Each structure stands twice: as structure tokens, then as C-alpha cells.
Amino acid sequence: MTETTHIVLVGAGHAHLHVAANATQLIDAGARVTLLSPGNFWYSGMASGMLGGEYSGNDDSLEPATLIEHAGGRFIADRVVAIDREQRLLHLAKGAPLSYDLLSLNLGSRVDVPSISGIEDAKGIWPAKPIEGLLRLRELLESALADPAPLPRLAVIGGGPTGAELAANLLALSERYGRKFDISLISASKRLLEHAPRSASVWLARRLRRRGLRIEMSASAVSYDNGQLTLDDGMQLPADHLIMATGLVAPLLIGELDLEHHPHHGLAITSALHTLYDDRIFAVGDCAWLKDSPYPKLGIFGVRQAPFLLHNLVAHLRNTPFEAFQPQHRYLSILNLGDGRGMALWGRFWWAGRLAMKAKRRLDHDFMQQYRA
Ligand SMILES: Cc1cc2nc3c(=O)[nH]c(=O)nc-3n(C[C@H](O)[C@H](O)[C@H](O)COP(=O)(O)OP(=O)(O)OC[C@H]3O[C@@H](n4cnc5c(N)ncnc54)[C@H](O)[C@@H]3O)c2cc1C
């Protein structure tokens, strides 16, 4: 590799925050480093707390420009719209094409929005990602809460951890104003958090119902018209806003690279984190698919991959061995229930209460703080 090796990091995702903060290691190995992303990093760990009014938009986001520039790299605020692998060129939404020698993709994911007839042209459809959309939703709901007029009715589609957390924090937002949103949660699965222990699902459903959430399980939304959501059994629910928490899938861009990929799982990568047939292109986080050992679309996996990505980019520059990333099978996740309580899940074990929320606040704060400094 020559001195001019240009490494382009596309997407200010979890792993790229770490690489950007440590870009001096790449520069010392003979590279110039560019981080390219349309805007701020938004931290999903605090997203539902932001929706519920506990955190501000500033608490939940970071400016990646400061991070990379401080480490001697460059930031470009733009979006990649196409990648020409032959010419090693990135086509951007606004700026001139950008050439690369080594490319790393940390593009995140998008919500797998189900086909519900009528939602294409409807207003008030809110996918859980991008996270900044949840801030706009909160602002809109807060103006309604401050107005004595009847409140908008809400429906959360999806009964996994994200749907449950968002519903709990929408309740919390209205509770802050001494009012109560009419919220329905609709899920095709038989129970909330279907991958968690059954006792955890039962506890959570009981607690959320007690706070006023209507929960419709084993139900799918089929059509939406004039503020009415119709379920597959014919039931109708009033909803002025639909919040989509129906799972995450890979971004569309990865399908245009002419590299092995799965439209839902992402770009196929090896344990060295580069793509299967082009070792000049690395991919991490939700947009990547570790075929031999797939991992769920969760930010913590990007965090775990980060030091491996940094090491392997340096190894590529110095022609030294790569390190293999192996995702862990068990991991701690803590849901923010919006009422000062958290629900911690670790394999077959779970516990809920204020201590769990305290631990979550500490972990989230420490994660963000390391990049703010
Ligand atoms: C409401 C909610 C709560 C969640 N809570 C948790 C949680 O508590 N814990 C957890 O582990 N996971 C959680 N998740 C899942 C988590 O959001 C994702 O797994 C995580 O964000 C993926 O991180 P990433 O590093 O792959 O990408 P992201 O952090 O999503 O970053 C992707 C970046 O790429 C940029 N980008 C995208 N396309 C382009 C392009 N074409 N050109 C340039 N840049 C581009 C984006 O702007 C963004 O900066 C939650 C998800 C949601 C929706």
C-alpha cells in the first residue's frame, strides 16, 4: 500500500464511531481517512427514552464530524447513492463522486414495513428508524399534549422489544403531561417479546395493560383508512398515527454492489469483516451478514465489531494478519419501560425494576460519553 491509500468509512454507525475516534492508527499506517454520513449518529439505546421525554435530541445524538476531524480525518456530510466497484468510486446524493482504495460500510438498517393497504399515501406513518424520526413524532405529540383538544390515537405495530419499549414510552410521554394517550399495540406473535422467557412476556403485558395499553396479540393489521386500522379478524382500532416496529432489514444499497448478499440479512462478510469476494470492502453492523454465524440486528454487535474492524483495516494497510470476529450468543439487553423501571434480559434470565433502569442509564451514558470527550 502506498501513502495515498484512501479509506472511506460510509455511515456514522456504532463501529465507525470507534474507527473514526481512532483514525490516527490508520493515518500512522499510511492512509487518509474520510467519514461520510448524511448527519449525526443517533443512538438507538436511548431512542425510546427520547420519545418518552426523558432525553433530548442532543442527549441522543453525536456529531461525527468533530470525532473524525479531531483524529486527523475528514468528514463529508452526504449520502452514497451508488457504488462503482470497478472504478472504486462512490456516487453521492449532493457532491462529486469520491474515489476510495478501501471502503467500510456501516449503513445500519431500515424497518421492514409490512404491506398494509392504505398506508402508502397515508400521513402519520412512523417507522421506528431512522431514530431522528422519533424526535419529530415526540415534538408533534407534545404540541397535542399541550393543547386541551382531544389527543391523537396511536397504534404501535410490532410486539418485539422495540414495539414494547416504544409503546411504554409513548404512555410515559402522555403521563408527563398528566394525560393518557389511547394506544394499541398489535402483534402477529402470540406473546410480547416472543424470544424472551414466557414469564417476562406475561409480566410485561400485565404491567403495560395496567398502565392503559391495549394489546392485541396474534393479530395483523391489513388495512388503514381514515384513521381506522383494520386487523385480519375484522376488528377496527382508531389510530391517527401508526408507529412501525416490525423488525429491521438491510438497506437497499447493499443489493446494488453485485456482491453476495441477502435482501433482509445484509452484505455477506467473512469473520475478518470484509465482503466475501472483495476484500477492499468491509461491512459491519446491521448492513452486514456474517453468513457462518449470523447475529441479530442490534447495536451491541456493531460495538463489539468495532475493535476488529479497526485492527483489520490497519492489517490491510500493513499486510499483517486479520483478526476473526465471533459474535457472542448471549448478551444483556435492558428495555426502558418509561416509568423509571427497566426490564433486563440475559438468556433465560430476566429481572425488572428501578435497578435495571439505573444500570441501563449508566451503560448508555458511558457509551455516549466516550465519544463526546
Ligand atoms: C427504537 C429502537 C430501539 C433500539 N434499541 C436498541 C438497544 O437498546 N440496543 C441495541 O443493541 N439495539 C437497539 N436497536 C437496534 C439498533 O438500532 C440497530 O441495531 C443499530 O442502530 C445498528 O447500528 P449500526 O451501527 O449498524 O448502524 P446505525 O447506528 O443505524 O448507523 C448507520 C449510519 O449509516 C448512515 N447511512 C445510511 N445509509 C447511508 C448512505 N447511503 N450513505 C451514507 N451514510 C448512510 C446513517 O445515516 C447512520 O449514520 C434499536 C432499534 C430501534 C429502532
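Some points to look at:
- Interchain or long-range residues, amide H under 5 Å from residue 185's placed H: 156, 214, 215, 216
- 3J(HN,Hα) along the range 42-48, derived from phi through the Karplus expression 6.51 cos²θ - 1.76 cosθ + 1.60 where θ = phi - 60°, amounts to 10, 8, 5, x, 10, 5, 6 Hz, with x in place of Gly and Pro.
- GNM flexibility winner over the chain from 333, 56, 115 (Cα, springs under 10 Å): 115
- Where chymotrypsin sites (Phe, Trp or Tyr not before Pro) fall in DSSP loop in the range 230-320, at most 16 other Cβ within 10 Å: 277
- Solvent-accessible surface (1.4 Å probe) assigned to residue 75 amounts to roughly 40 Å².
- Using the 1.4 Å probe convention, the accessible area of the chain works out to 45 Å² per residue with neighbouring protein chains retained.
- Amide H contacts of residue 289 (H built 1.01 Å from N, under 5 Å, at least 5 apart or other chain): 267, 268, 269
- Extension gain, residue 70 to residue 228: 0.36 nm times the residue separation minus the Cα-Cα distance gives 51.8 nm.
- Shape category assigned to the chain from the gyration tensor of Cα positions, a/c cut at 1.5: prolate
- For the range 332-373: rounded, prolate or oblate by the Cα gyration tensor [a/c cutoff 1.5]: oblate
- Between the range 61-102 and the range 240-269, the alpha-carbon centres lie 21 Å apart.
- GNM on the chain, alpha-carbon springs under 10 angstrom: the most fluctuating residue among 273, 253, 171 is 253.
- Beta bridges per DSSP, both residues in the chain: antiparallel share near 45 percent.
- The listed residues 203, 346, once ranked by accessible area (1.4 Å probe) with the largest placed first, stand as 346, 203.
- Using the Cβ-Cβ distance between residue 365 and residue 280 with R0 = 41 Å, the FRET efficiency computed as 1/(1 + (r/R0)^6) comes to roughly 0.65.
- Counted over the range 111-247, the DSSP beta bridges are approximately 30% antiparallel.
- With every protein chain in place and a 1.4 angstrom probe, the accessible-area ranking of 100, 43, largest first, reads 43, 100.
- Scalar couplings 3J(HN,Hα) for the range 73-78, obtained by applying the Karplus form with A = 6.51, B = -1.76, C = 1.60 to θ = phi - 60°, are x, 10, 10, 10, 8, 6 Hz; x denotes Gly and Pro.
- Axial C-alpha extent at least 24 Å, average Kyte-Doolittle at least -1.0 - helices from the chain (DSSP): 299-318
- Note on exposure: 358, 190 ranked by accessible area (1.4 Å probe, complete protein assembly) read 190, 358, with the most exposed listed first.
- Helical mean residue ellipticity (222 nm; -39500 (n - 2.57) per DSSP H run of 4+; nearest 500) of the chain: -9000 deg cm²/dmol
- Heavy-atom accessible area for residue 279, with the other protein chains in place and a 1.4 Å probe, reaches approximately 70 Å².
- Phi-based couplings in Hz for the range 262-270 (Karplus 6.51, -1.76, 1.60; Gly and Pro marked x): 10, x, 9, 6, x, 7, 5, 10, 8
- Carbon plus sulfur fraction of accessible area for the chain, probe 1.4 Å, in percent: 50 percent
The values are calculated or read from the model by the stated rules, or taken from the named source; none is laboratory data. Here the structure is a predicted model, which is why all the values come from computation and not from measurement. Here Cβ is always computed from backbone atoms with ideal geometry, including for glycine, and neighbour counts include all displayed protein chains. Quick note on the areas: whole protein, heavy atoms, side chains included, nothing else; ligands and nucleic acids left out. Shrake-Rupley method; radii C 1.70, N 1.55, O 1.52, S 1.80 Å.
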